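The values are calculated or read from the model by the stated rules, or taken from the named source; none is laboratory data. The structure presented is a predicted model; accordingly, all values stated were derived computationally and were not measured. Cβ sites come from the backbone with ideal geometry, for glycine too, and all protein chains shown count toward neighbours.
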Amino acid sequence: MTAQLGSLAEAVPRWLVLYFAGVALLLVVPFLWPPERPARPHLRLLAIVLVAAAIRLPLLGTEPTLSDDVHRYVWEGRVVASGGDPWDCAPGDLELGGLIADAPEWSLVNHPELPAIYPAGAQWFFALVTVIEPSEQAMRAALTGVDLALILVLGLLLLKSRGRVEPLILYAWHPLAAVEVASSGHYEPLAILPLAAGLLLMQERQPTEGWIAWGFALATKYIGALPAFFALADAVRRKELSKAAVGAALVGGVLVLLSLPFSLDGSPPLGSLGTYAGNWAFNGALHTLLEPLMGYHPARWTCLGLLAVWGLYMLSRGMSPARSTAWVFVGLLYLSPVVHPWYGLWLLALLPLFPSLFGLLLTSLLPLAYLAWTSSLAGGSWDVPRWAMGVEFGLPLAALALDAGWRRRKRKQA
């Protein structure tokens with residue numbers, strides 16, 4: 001039904017009704033699971049993947065109206081495929097004029113004054129897709145294929161760690177994952193896939209391949225290195241220094257290998273990363289509260305400092321790399337000055353490993369931020385309504401507090 005709404009940006013309230021109906025179904029389905037483990041869990045995994053594909057395929061026929069990032073993917077892939085460096089040249093640079101005539105996506109690229117921000121691993125993928133078919137439809141189709149591969153890897157990881165795959169639907173059938181990848185074309189699954197593959201390989205005691213997978217996650221989106229960071233810290237804590245050294249070398253080696261062709265001119269492939277880190281703000285929970293009190297930039301750096309403290313706290317807990325990573329993603333969603341709905345895919349992908357009402361609410365409510373489209377199209381500012389932000393970030397915390405209180409009472413009764 002989402003595919004029949006036309007421009008989702010112009011129909012955000014109607015789309016949100018359908019979206020939350022889909023989320024509600026995810027709350028009902030678990031009650032239909034048989035209590036015993038299925039005799040053939042791999043067949044159930046295949047069924048979940050096929051249903052996920054059926055959910056996504058109609059969305060490939062929609063226009064990416066909620067976000068225009070996919071047009072930049074195509075443009076930067078075109079630049080890389082032509083031998084250019086997207087971190088040195090912004091889309092609006094005159095020296096790229098020769099590419100513009102054959103690039104219908106160029107006029108749709110956001111912030112054409114800024115060079116690339118996406119790491120080298122992502123750029124090589126963009127270039128590969130663009131060589132095959134330089135269009136946003138092809139890019140979205142390719143990323144949807146990656147997303148389905150991610151679902152399969154997550155299913156195998158669940159089988160290895162929990163013995164059953166039913167929690168996989170929390171990501172595989174979630175409308176957030178379907179819309180953000182198949183319709184909007186966000187590339188998060190491209191980095192989450194090697195992150196999940198690394199977790200699986202480590203469980204299967206293939207550390208070399210696991211470190212390499214995490215290297216690809218780092219090289220595709222820097223935050224993808226979180227499990228590697230926690231695994232390295234754990235190795236150092238257990239005084240396995242040679243293991244830590246090998247792991248760091250493999251992870252860093254993949255990043256260097258993929259980035260080196262773009263660094264031969266002496267400039268690292270960072271592009272507009274500094275501009276994003278220092279100036280971007282949208283839908284940030286704590287930043288929105290602090291900005292009126294201390295100003296834009298002080299609030300921003302306060303949030304980033306608290307995020308660093310949160311990461312160090314998770315490091316001190318000594319939890320598994322997967323669980324630590326999930327909690328850091330929670331911190332990111334509350335403390336980052338920029339929280340787009342698709343940022344929730346990182347936590348949503350790990351939710352099947354650690355199911356919770358808090359995690360499901362936190363990820364599921366993020367699309368309320370798209371009400372900024374409704375405000376903007378009505379002539380207002382590009383801002384998320386305060387009530388929507390209150391629901392986005394307040395309701396999950398309320399659920400978390402109620403759950404903690406219930407667990408405390410249960411322990412006392414025991």
Of the numbered conditions (1) assigned to a helix (DSSP H, G or I); (2) touching a residue at least 40 places away in the same chain (Cβ under 8 Å); (3) crowded, with 19+ Cβ neighbours inside 10 Å, LEU315 fails exactly one; give the number of that condition.
(3)
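Okay, residues lined up against (1) hydroxyl-bearing (Ser, Thr, Tyr); (2) touching a helix residue (DSSP H, G or I) at 6+ places or on another chain (Cβ under 7 Å); (3) buried (at least 23 other Cβ atoms within 10 Å of the Cβ):
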position	(1), (2), (3)
ILE55	no, yes, no
LEU59	no, yes, no
VAL70	no, yes, yes
ASP102	no, no, no
ILE117	no, yes, no
Can you tell which of GLY274, GLY318, GLY253 is touching a Lys or Arg at 6+ places or on another chain (Cβ under 9 Å) and under 30 Å from VAL236 (Cβ atoms)?
GLY318
Any residue at all in region 42-60 that is of a type outside the set (A, V, I, L, M, F, W, C), closer than 26 Å to TRP124 by Cα and modelled with pLDDT of 90 or more?
yes
Can you find a residue that is among the basic types (Lys, Arg), more than 30 Å from GLY394 (Cβ to Cβ), in contact with a Gly (Cβ under 8 Å, 6 or more places away or on another chain) and touching a residue at least 24 places away in the same chain (Cβ under 8 Å) anywhere in region 233-248?
yes
Output the qualifying pairs, or none if there are none: Cβ atoms under 7 angstrom, residues six or more apart or on different chains, first residue in region 383-404 and touching a residue at least 40 places away in the same chain (Cβ under 8 Å) and closer than 14 Å to GLY359 by Cβ, second residue hydroxyl-bearing (Ser, Thr, Tyr) and surrounded by 17 or more Cβ atoms within 10 Å (Cβ to Cβ).
PHE393/TYR334
Has region 189-204 got any residue that is outside any helix (DSSP H, G or I) and farther than 23 Å from GLY311 by Cβ?
yes
Taking the criterion of being of a type in the set (D, E, K, R), assigned to a helix (DSSP H, G or I) and modelled with pLDDT of 95 or more, would at least one residue in region 149-162 satisfy it?
no
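Residue-wise test of (1) of a type in the set (S, T, N, Q); (2) buried (at least 24 other Cβ atoms within 10 Å of the Cβ); (3) touching a residue at least 60 places away in the same chain (Cβ under 8 Å).
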{"position": "VAL146", "(1), (2), (3)": "no, no, no"}
{"position": "SER161", "(1), (2), (3)": "yes, no, yes"}
{"position": "TYR171", "(1), (2), (3)": "no, yes, yes"}
{"position": "VAL181", "(1), (2), (3)": "no, yes, yes"}
{"position": "GLN203", "(1), (2), (3)": "yes, no, no"}
Which one is surrounded by the fewest Cβ atoms within 10 Å (Cβ to Cβ), of the residues in region 211-266 that are of a type in the set (Gly, Ala, Ser), touching a Pro at 6+ places or on another chain (Cβ under 9 Å) and farther than 23 Å from SER316 by Cα?
SER263
Those residues of region 210-264 that are within 30 Å of SER82 (Cα to Cα) and in a helix (DSSP H, G or I) come to a total of 27
Of all the helices (runs of 4 or more DSSP H) wholly in region 343-404, which have at least 3 residues that are closer than 24 Å to TYR171 by Cα?
345-350, 357-364
Please work out which residue is nearest to ILE192 (Cα to Cα), limiting yourself to region 258-275 and to residues that are touching a residue at least 12 places away in the same chain (Cβ under 8 Å) and of a type in the set (A, V, I, L, M, F, W, C).
LEU258
